[in-house]
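In what follows, a single structure is set out as structure tokens and then discussed.
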Amino acid sequence: MMFLLKAEEQHRWIRRFAEILAPGGRLLFTSSAKPAVWNDVMTGVESVSLGAEEYKKLLGTAGISVVEEYEDIGENHYFDAFKGK
């Protein structure tokens, strides 16, 4: 649930994931595909989605590629990514 983090923290965690993922390692997270800011219903926390294009750019710069995006029945958007070998 990447969206529960502030934008700066999301940037930092993406860089950190790139450091700790082994080559071929997978990363799965949820966030809206469109850039948005809202209050999360479950937590009341301000939520921030950077949007699919920004996530792909940040992940790509860190050596992580999004291989698939999908939504579940509850309309949660998932990013399935892996670190290159």
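The values are calculated or read from the model by the stated rules, or taken from the named source; none is laboratory data. Being a predicted model, the structure only gives us computed values, none of them experimental. Virtual Cβ from ideal backbone geometry, glycine too; neighbours counted across all protein chains shown. The protein model used for the area step is the full one, side chains on, heavy atoms only, and it has no ligands, DNA or RNA in it. Shrake-Rupley method; radii C 1.70, N 1.55, O 1.52, S 1.80 Å.
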Enumerate lysine pairs in the chain that are 8 or more residues apart or on different chains, then count those whose Cα atoms are under 18 Å apart. 8
To the nearest 10 degrees, the tilt of helix 7-20 (Cα long axis) against the first principal axis of the alpha carbons of the chain is 30
The chain, dipole about Cα centre (Lys/Arg Cβ +1, Asp/Glu Cβ -1), debye to the nearest 20: 500
Between Ser65 and Ala22, what length comes free when the chain is fully extended (0.36 nm per residue of separation minus the Cα-Cα distance, one decimal in nm)? 14.1 nm
With -39,500 (n - 2.57) per DSSP H segment of 4 or more residues and division by the full residue count of the chain, the 222 nm estimate, nearest 500 deg cm²/dmol, is -9000 deg cm²/dmol
In segment 1-50, what trypsin sites (Lys or Arg not before Pro) fall in a loop by DSSP, with at most 15 other Cβ atoms inside 10 Å? Lys6
How large, in percent, is the carbon and sulfur part of the accessible surface of the chain at a probe radius of 1.4 Å? 56
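Taking only protein heavy atoms into account and a 1.4 Å probe, give the accessible area per residue of the chain in Å².
Computed with neighbouring chains in place, this is 64 Å² per residue.
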